[in-house]
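What follows draws every value from the coordinates through simple rules; no lab data is involved. Every value quoted in this text rests on a predicted model; they were computed, and no experiment measured them. When we count neighbours, we look across all protein chains shown, and the Cβ atoms used for this are built from the backbone with ideal geometry, even at glycine.
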Amino acid sequence: MIPAPFDYHTPSSLDEALSLLQEYGYEAKILTGGQSLLPMMKLRLAEPEHIIDLNGIPGLAYIREEDGHVKIGALTREAEMEESALIRAKLPILHDTGKLIADPQVRNLGTLGGNLAHGDPGNDHPATMLALGARVVAIGPNGQRAIPVTEFFVDFYTTALEPEEILTEIQIPLPPPGSGGAYLKLERKVGDYATAGVAAQVTIDATGRCTEAGIGLTNVSYVPVKATDAEARLRGSTLSEVDLNEAAGLAAAASRPSSDLRGSEEYKRAMVRVLTKRALQRAIARARG
Amino acid sequence: MATRTVSITVNGETHTRDVEPRLLLVHFLRENLDLTGTHIGCDTSNCGACTVLLDGKSIKSCTLLAVQAHGKAVTTIEGVAQGGQLHPLQEGFKEKHGLQCGFCTPGMVMRAVELLDKNPDPTEDDIRWGISGNLCRCTGYVNIVKAIQYAAEKMQAEEAVEA
Ligand SMILES: Cc1cc2nc3c(=O)[nH]c(=O)nc-3n(C[C@H](O)[C@H](O)[C@H](O)COP(=O)(O)OP(=O)(O)OC[C@H]3O[C@@H](n4cnc5c(N)ncnc54)[C@H](O)[C@@H]3O)c2cc1C
Ligand code: FES
Ligand code: FES
């Protein structure tokens, strides 16, 4: 399978990339890891006339702690995140997520920015970013803007990014003391997209009460889902067995899966319930240290 | 659509060619350079038969454009034996019967090169996770794991002698 012909551009600065995007608009596609875009181009599901490869632009791959956030450059590879001591220590939920994505070869190329910008409800990072309350930074012809992830996933394969915008950074608020998170994914085989996936992040105060909860769901709707009713059910609770069961039920109710080769609608919804409870249990164990 | 001139160092030798941007690295290797050791299995980024090293990192060459490799170093299965001596991984696959039809083997070896580079003393679990992007239809993987363990031991022993 060979992609349709295109012109290939290698800007060496963001300014240059932005002017190429303005020139070619909807005819152009950004390429970073290429691990979602090239398979689509080979299947001729995408036939962009211009490919704008951002890999020659310096300074877009980094992981650092700054102003109460973990800031990750959009072109940071999965493999780099997997090896990051900062992520392992401060955001174990993100470490869980990365390890379950595809396989080592794909993770050597795939980027965090591409995983989010692709807008694929089957991708794993969106749910985790929803659970963590992250935001993304995009740069366009009119300058820079920050977009909360809750407003980022607009529709099937559609995000809030304009065609002439570039995602440059992901900002994750550092979880306060007493926090923990976990990502669980049911897959048919290692490296498969999720049958269902659940990201859960909680914060527990000194009295054992839950002060903050974030739950994101993978591949059980046309967009990544934030299970807001389940989160609300947990806030203020002592995270008892009953609290967890009810929250898991609310998360399942928030999912809108469709039946396909990975399972029936009922099965997937049932798996969301099971995975939500287990992800919460692991998150709570981590929060309690 | 405009062609591009690429210079790619493959197994230590730099090749400069005019290519269509849509040319995949695997086709560049097999058709432009006649290096047919890198196989195409699924052509959909799933099987790992096309795995090569790009600046030392294992990637699937059916899912990378040749133009993306411009200015970089690629290592294929043809480049791992040195001075007529099999690489310890090649020797391991031979000694431990790590192959039957051999179709997956070049990709398995190239993936294992990076695996052992990053983790010289892997557990069985590390190896199985490490080759999770490579499919084998024949062996059942048991002897592939043993082949990689053989190479790990041999490479560590060699390192100990050198040190
Ligand atoms: C075999 C296989 C299995 C996989 N399994 C999983 C899995 O289990 N879970 C999972 O989450 N993913 C999976 N993936 C997808 C993989 O993680 C991709 O790497 C990721 O979805 C896209 O990242 P990329 O950097 O490769 O983006 P690309 O493929 O380069 O781009 C994807 C899209 O995002 C746009 N884009 C990329 N970067 C930017 C940017 N900075 N600004 C604006 N737009 C941008 C591109 O224009 C394109 O439309 C799999 C891929 C393969 C090949
Ligand atoms: S041919 Fe490239 S992964 Fe199968
Ligand atoms: S030896 Fe035949 S596919 Fe692995």
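Points worth noting:
- When A:R64, A:R77 are sorted by how many other C-beta atoms sit within 10 angstrom of their C-beta, beginning with the fewest, the order is A:R64, A:R77.
- Length released on extending from B:E78 to B:D34, taking residue separation times 0.36 nm less the Cα-Cα span: 14.8 nm
- Distance histogram in 5 Å bins (all Cα pairs of segment B:88-162, percent per bin): 3, 18, 32, 27, 13, 5, 2, 0
- Gaussian network model of chain A, Cα within-10 Å springs - most flexible of A:D260, A:D103, A:D155: A:D260
- Only Lys, Arg, Asp and Glu carry charge here, each on its Cβ (+1 for the first two, -1 for the last two); on that basis chain B has a dipole of about 540 debye about its Cα centre.
- Paramagnetic label zone (point 7 Å from Cα along Cα-to-C-beta, A:S259; backbone N under 19 Å) in segment A:208-225: A:220-222
- Of the residues A:D229, A:D67, A:D205, the one that moves most in a GNM of chain A with alpha-carbon contacts below 10 Å is A:D67.
- Size of segment B:4-79 from its Cα atoms: along the principal axes, largest to smallest, the extents are 29, 25, 21 Å.
- Rg and Dmax of segment A:69-153, both derived from C-alpha coordinates alone, stand at 12.6, 38 Å.
- Set of lysines with alpha-carbon distance to B:K154 below 17 Å, sequence-local pairs under 8 removed: B:K94, B:K96, B:K118, B:K146
- Charged-residue dipole, Cβ positions (Lys, Arg, Asp, Glu), the protein assembly as shown about Cα centre, Debye nearest 20: 1340 debye
- Lys pairs, chain A - Cα-Cα below 18 angstrom, 8 or more residues apart or on other chains: 12
- Distances between every pair of Cα atoms in segment B:31-140, grouped in 5 Å steps from 0 to the bin holding the largest one, split as 2, 12, 22, 27, 21, 11, 4, 1 percent.
- A convex hull fitted to the Cα coordinates of chain A yields 122 cubic angstrom per residue.
- Taking 7 Å steps out from each Cα toward its Cβ at B:E159 and A:T207 produces label points 5.4 nm apart.
- For segment B:4-79, a simple Cβ point-charge model (Lys and Arg +1, Asp and Glu -1, everything else neutral) yields a dipole of about 220 debye relative to the Cα centre.
- Alpha-carbon centroid distance for the pair segment B:38-57 / segment B:95-163, whole angstrom: 16 Å
- Within straight-line cross-link reach of B:K57, aspartates and glutamates at Cα separation under 16 Å, skipping those fewer than 8 residues along the same chain: A:E78, A:E80, A:E82, A:E83, A:D103, B:E114, B:D117
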